[in-house]
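Engineer: Next up is a structure, given as structure tokens.
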Amino acid sequence: MKILIAINENKKLSSRLSEYFGHCPYFTIYETKTKKLEIVKNNIEHSNLNLTPVDQVMKFKSDAVFSLGIGQRAIKLFNEKNVKIKTGNYKNLKEVIENIDTLEELNKGCEH
């Protein structure tokens, strides 16, 4: 499984998780089979009228996304693309990766 994780900083496994998926400064792309971890800058253009933020992150070909918070519209768009949305009560990237098999499904968006 390839999972896209919203983070606040580029500090490898000690990176703090982001409260908001679309507005996070960085994404981690983690491949569970190979354990490959890549951190990329969030270059989502929220003013792009042709591509939604969800469309823009689909280039990473993730099976799932992890965030502490995400908007209801993004949840709907990810669901339409068969991308699962995960969450959990974790503080940093290491905790998410260590608990990847027990992450919770996130079905309710934040109200921002």
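Bear in mind these aren't lab numbers, they're just calculated from the coordinates by the rules spelled out. Computed from a predicted model, the values in this text were never measured in an experiment. As a convention, Cβ positions derive from the backbone with ideal geometry for all residues, glycine included, and neighbour counts pool all protein chains shown.
Engineer: Using a basic spin-label model with each label point 7 Å from the Cα along Cα→Cβ, how many nm lie between Lys2 and Glu31?
Structural biologist: Reported label-point gap for Lys2 and Glu31 is 0.8 nm.
Engineer: If eta is 0.890 mPa s and T is 25 °C, what Stokes-Einstein diffusion coefficient results for the chain, Kirkwood Rh from Cα pairs, in µm²/s?
Structural biologist: Details: Rh = 13.8 Å.
Answer, rounded: 178 µm²/s.
Engineer: Hey, another quick one. Roughly how many debye, to the nearest 20, is the charge dipole of the chain about its Cα centre, given +1 on each Lys and Arg Cβ, -1 on each Asp and Glu Cβ, and no other charges?
Structural biologist: Values: 18 positive and 14 negative charges, 59 e Å.
Here the chain has a charge dipole of around 280 debye.
Engineer: Another one. With the contact rule set at Cα under 8 Å and sequence spacing of 6 or more, what percent relative contact order holds for the chain?
Structural biologist: Numbers: 209 pairs, mean separation 32.1, N = 112.
About 29 percent, as a whole number.
Engineer: Would any residue of the stretch 61-98 have its amide N under 17 Å from a label point 7 Å out along Cα→Cβ of Leu13? List them or say none.
Structural biologist: Zone members listed by number: 90-98.
Engineer: Over 23 Å between Cα atoms: which of Lys33/Lys94; Lys35/Lys61; Lys11/Lys36; Lys12/Lys81; Lys12/Lys86 fall into that group? Walk me through the numbers on the way to the answer.
Structural biologist: Working: Lys33/Lys94 16 Å; Lys35/Lys61 16 Å; Lys11/Lys36 15 Å; Lys12/Lys81 28 Å; Lys12/Lys86 20 Å.
Cα-Cα > 23 Å for Lys12/Lys81; rest within.
Engineer: Which length gain, in nm to one decimal place, applies between Glu38 and Lys81 when the Cα-Cα distance is subtracted from 0.36 nm times their residue separation? It would help to have the intermediate numbers written out before the result.
Structural biologist: On the way: separation 43, 0.36 × 43 = 15.48 nm, distance 2.24 nm.
13.2 nm is the gain from fully extending Glu38 to Lys81.
Engineer: Let me ask something else. Students often forget the sequence filter, so: which aspartates and glutamates lie under 18 Å Cα-Cα from Lys41 once same-chain residues fewer than 8 apart are removed?
Structural biologist: Result set, ordered by chain and number: Glu9, Glu19, Glu31, Asp55.
Engineer: Next question. With unit charges on the beta carbons (Lys and Arg positive, Asp and Glu negative) and the dipole taken about the Cα centre of the chain, which residue among Ser67, Ile100, Ile85 sits farthest to the positive side?
Structural biologist: Selected residue: Ile100.
Engineer: How large is the helix-only mean residue ellipticity at 222 nm for the chain, computed as the sum of -39500 (n - 2.57) over DSSP H runs with n ≥ 4, divided by its residue count, in deg cm²/dmol to the nearest 500?
Structural biologist: -4500 deg cm²/dmol
Engineer: On to the next question. For every other residue with a beta carbon closer than 13 angstrom to the beta carbon of Met1, add +1 if it is Lys or Arg and -1 if Asp or Glu, then tell me the sum. Intermediate values should be presented prior to the final figure.
Structural biologist: On the way: positive: Lys2, Lys33, Lys35, Lys36, Lys61, Lys84, Lys86; negative: Glu31, Asp63, Asp101.
Once all neighbours under 13 Å are counted, the net charge is +4.
Engineer: Considering only Phe27, Phe78, Phe66, give the residue with the highest GNM mean-square fluctuation for the chain, with springs between Cα atoms whenever their separation is below 10 Å.
Structural biologist: Phe78
Engineer: Rounded to whole Å, give me the distance from the Cα center of the stretch 48-112 to that of the stretch 1-38.
Structural biologist: Using only Cα atoms to place each centre, the spacing works out to 11 Å.
Engineer: Mind listing which trypsin sites (Lys or Arg not before Pro) in the stretch 1-107 are in a DSSP loop and have 14 or fewer other Cβ atoms within 10 Å?
Structural biologist: Details: sites: Lys2, Lys11, Lys12, Arg16, Lys33, Lys35, Lys36, Lys41, Lys59, Lys61, Arg73, Lys76, Lys81, Lys84, Lys86, Lys91, Lys94; in loops: Lys11, Lys33, Lys35, Lys61, Lys81, Lys91.
Answer in residue order: Lys11, Lys33, Lys35, Lys61, Lys81, Lys91.
Engineer: Shifting gears a bit: How long is the gain from Tyr20 to Asp63 if the chain were fully straight, where each residue apart is worth 0.36 nm and the alpha carbon distance is subtracted?
Structural biologist: Numbers: separation 43, 0.36 × 43 = 15.48 nm, distance 1.89 nm.
Computed gain between Tyr20 and Asp63 is 13.6 nm.
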